[in-house]
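Accompanying notes for the structure given below.
The values are calculated or read from the model by the stated rules, or taken from the named source; none is laboratory data. Bear in mind that the values here come from a model prediction, so they are computed numbers and not experimental data. A quick note on method: Cβ atoms are made from the backbone with ideal geometry, for glycine too, and the neighbour counts reach across all protein chains shown. Just the protein is used for accessible areas: all its heavy atoms, side chains included, with ligands, DNA and RNA removed. Shrake-Rupley method; radii C 1.70, N 1.55, O 1.52, S 1.80 Å.
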Amino acid sequence: MASTSKANLTEDDEEEEEIEHFDDFTLASSWERFISEIEATCRQWSADGPKNLLEKGAVHLDYSNKMYRIKSELKDATKIYSMEYYFGIDNNGNISDWNCTLHDLQLCFGVKEFLVISPQSASGVVLDAPESSKLLSAVAIALSNCSCLWPAFVPVHDPSRKAFIGIQNMGTIFTRRFEADRIGSQVPVKFMHLEGLYELFVSKFAYWTSDHLTHLFKVYLMMKLTYRTLPNDDENDGIQDADAENAESEKMPDGGNHNRKHWDDDCPWSEWYSAEDPVKGFDLVTTWSEKVIESSLEMAEMENASPHEAEKWILTPNLSPNLDSSKGDRIGFASQLQLLVSALDMSFEAQFMEDFVSDENLGSDNLKSSMVIPPPTVLDRVLKDLLLEGRQFPDFAKGKHKRSQAIKGAPLESLFAQFCLHSLWFGNCSIRAIAVLWVEFVREIRWYWEESQPLPKMPAHGSIDLATCLINQKLQMLAICIEKKRELNEEFQDCLGSNDDVFAHMEVEDIQVGEESTSFLTQSQDFDGKRDSPLILEGFNESRTSISKFSTNSQDVYSADKSTSDSKRRGSAGPVGSMKLLNSCQSLHAPFTQNAPLMTEDMHEERLRAVEAFGDSFNFSAQLERETLSSDMSAFKAANSDAAFEDFIRWHSPGDWENDGSEANDEWPPRGKLSQRMSGPGNSWRKIWNDAPSLPAYEQKPLLDPNRGGEKILHYLETVRPHQLLEQMVCTAFRASADTLHQTNFGSLKQMTTKMDQLYHTMASTLRPLQANLLSGNSEKIGDLKRLCVALEHVEKLLTLAASLRHKFIQAPRVYEAIFSDYYDFYLPNMGKGSADVDIQKEFDLKLQLKMNERQVVSNMFTPPTANQSWRKVLSMGNLLNGHEPILRQIVFSKRDSGSDCHYAVSTRGGLHMDDQQEIETYRMYVCGTSNDLRVALCVTSYD
């Protein structure tokens, strides 16, 4: 028995020992377990610190660069709550700095890091008052247990009210309680004014209503007023310009407003499309620094204060959402060039442009519906703008970029460039619409040819610019042919009405056969000019220069030598230095010669291919130039009747005459000989010399046959392959679009200058396969062209922004340069992306502080509102800026008490004493809203 009892005692001792070290949580309530869970989470967050929390998945807040949030789920009985901890890696921000980005609760209550606990429900707020009080108490107890001084907030009431209650344990002495609520409509008139808001704040700590008038309370005040310019979008033009429209309707019979000016009317692209203003307006924030208010009267005076008295003006631009939109629905050169590239991709499906005009060749019904062409009235208007309104010779150097020449297109003001730009906006820029416009365009060009009318927007003189596209070269040559054809027709009419005496006198008239006019040298001047070969081949001397016009109003030149006074020289331009003829002692005269026939790029290539086929034969090269050589030799014989073949070589190709310098001593006869290639047997030049008659240039048949040349050009235009036409159109349209945008006046923005240079460089490299006719159907180059359209779209967007900003801030260049530079840095990461890849999650938010000399420029943007702007409400808030009341008013009232105050002076708990000089913010009220919306947040510090 003894052993048994002893054993039982031992077991009882062990059980008592186990019970002594056992925590029985089954006796704790769910509320206590909920508090414990909150406490454990807060302890963990406090121990980790901001840096470790970032590694554990803290989320960065978009509106602030330094604010983060971490989240945890808590369960209390059947309900699940979400507790969020908001913290910053740098808590140096201050509410007095209105320019800083703060969380809504930081702004309302002046706190830094804080907790928000809310139910996981559809509303996200606590609708039951007892539940909200219980939830806030649980958080307060948990924070007190873990010695955390974080303020905690619980959202309550309806979500639209943005209401919160909160509490903060400030140690062992004070506790702060928070409450915020909102009135969404029917704001009392008293609270629309600063005086009423001041009295509302004072009522929170004044014991009697009469104290408002009998006592002077020291209240600190900070204020922020936000103004917004009238919207600039076209949808609101009818509201903004109602007075202007009514005035115009009185003057105009149809009541229209066609003369209303658009923002980009003076921009170079306005001829083709009207761009949406990327700057919709501006928000102006005016802030007053902290000041002391002691009476309601001072608040009434402050309500009448001008915004110009504010300490700071901060400007924020409101940019159009389409500026960085991913929808890709923006209308401009880039969007239309995308359609032109698609038309190029389809152009390989037919042999002639007429094939795309017929419905039978379009295939499916969907293809037909997408290729609807505009009505004939639109076609007539486009052709009229192209041909009838462009008679004057344009300035091809206008708007030309220094790298524009690297793109083988047509100059911006030329006829073909204008055709390409019109094609972008004709219909939907489909291959069918382009084909219809091209066929009618060529018909009109033929009419100009048949009627011998000057071709609009094309020079009728000068050389062919081989750096441009082939169609532009053809049109330029056609313009010259038309001019030559007109001259021949006029001469023919003169001949019909002239008599024999006039006919005999026609030898001294001006017959222009060259391609441009130059001055003549008089007979008394030495003449050393010679003409260049039109096509420089191996075996031709390159030292000759061209005489572009022969004698027009002078008699045939007679020799000054007495021995040859009876000898007549015809078509002489004067002696060439002291050179003498070999067979006589007469001076060697240079003749007036015809210019070489004009040739386009394909004609040059045809001749080069012929030379390559027959080898580097000097004689074959001479045969290609037979007509020109024969013309020059005939003119030389007419000017020098006793000339020999050797004399012509000495003048025309001095490199083929080998002399001993005797001519430098004016000796005669000159000693020398022909070069080996000129003296060889069967020399083609000598054969041409022997066959050439003695005729001055004005009696020769023109080297350029305008009738034959014009018909060949029209045949080319009428039968050009669709893909060859579209290739040249794409090159020209890109170049013309870039040259048009290049004319935009964007001030001294270096970023835009750099982007334009980069754009031209990219265009030149991307379009090079089209210039060399290396594109084929389904080529990868189509993708490169579409990417080029994307690059142009980015530059086009930036240009419109730069032009809009400069237009608005031309008197404050620092402002528009700062705004553009900031947006450029914001937009730069998207420059290499298409519209579908643009990141639109981030918003552009610039806050630019204005200088004193810039305030008036911004103030002028707030034009006084008109009486017809019905959307404006009755003014009731004061602090007007050119008649505009603020769209948002934010005020912070605060009251501070020092340590000498008996109520806050001494703490009996723990024997802690507060410094008599220390001030505590005992009351704080944040007011935000307008005359129709008022939100108030109150913070009260109490002694526990």
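Some notes on this structure:
- Residue satisfying condition, being open to solvent by 70 Å² or more (accessible area, probe 1.4 Å), modelled with pLDDT of 90 or more, of a type in the set (D, E, K, R) and not in a helix (DSSP H, G or I), within set Glu84, Glu73: Glu73
- Total residues in the stretch 728-777, condition closer than 17 Å to Ser804 by Cα, part of a helix (DSSP H, G or I) and open to solvent by less than 30 Å² (accessible area, probe 1.4 Å): 3
- Complete set of residues in the stretch 138-170 that are open to solvent by 20 Å² or more (accessible area, probe 1.4 Å) and in a strand (DSSP E or B): Phe164, Ile165, Ile167, Gln168, Asn169
- Condition check for Lys79: farther than 19 Å from Ser121 by Cβ and assigned by the TED database to the domain that holds Glu37: no
- Total residues in the stretch 443-454, condition open to solvent by 10 Å² or more (accessible area, probe 1.4 Å) and touching a helix residue (DSSP H, G or I) at 6+ places or on another chain (Cβ under 8 Å): 5
- Candidate set from the stretch 620-645 (those that are closer than 27 Å to Pro670 by Cβ and either modelled with pLDDT under 80 or of a type in the set (D, E, K, R) (or both)); member that is surrounded by the fewest Cβ atoms within 10 Å (Cβ to Cβ): Asp642
- Look at the stretch 269-281: where a residue is more than 14 Å from Phe809 (Cα to Cα) and part of a loop (DSSP other than H, G, I, E, B) and a partner is among the β-branched types (Val, Ile, Thr) and open to solvent by 40 Å² or more (accessible area, probe 1.4 Å), sitting 6+ places away or on another chain with Cβ atoms under 8 Å, you get Tyr273/Ile331; Ala275/Ile331.
- Output for the stretch 799-815, where each listed residue is assigned to a helix (DSSP H, G or I), open to solvent by less than 10 Å² (accessible area, probe 1.4 Å) and farther than 17 Å from Tyr273 by Cβ: Ala802, Leu805, Val815
- Residue match in the stretch 463-473 (condition: outside any loop (DSSP other than H, G, I, E, B), touching a residue at least 60 places away in the same chain (Cβ under 8 Å), closer than 30 Å to His742 by Cα and not polar (S, T, N, Q)): yes
- Hey, Arg182 open to solvent by 40 Å² or more (accessible area, probe 1.4 Å), modelled with pLDDT of 90 or more, within 49 Å of the chain's Cα centre (by Cα) and closer than 27 Å to Leu934 by Cβ or not: yes
Conditions tested, residue by residue: (1) assigned by the TED database to the domain that holds Glu311; (2) part of a helix (DSSP H, G or I); (3) at pLDDT 90 or above.
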| residue | (1), (2), (3) |
| --- | --- |
| Ala836 | no, yes, no |
| Gln841 | no, no, no |
| Glu854 | no, yes, yes |
| Val858 | no, yes, yes |
| Ser870 | yes, no, no |
| Met877 | yes, no, no |
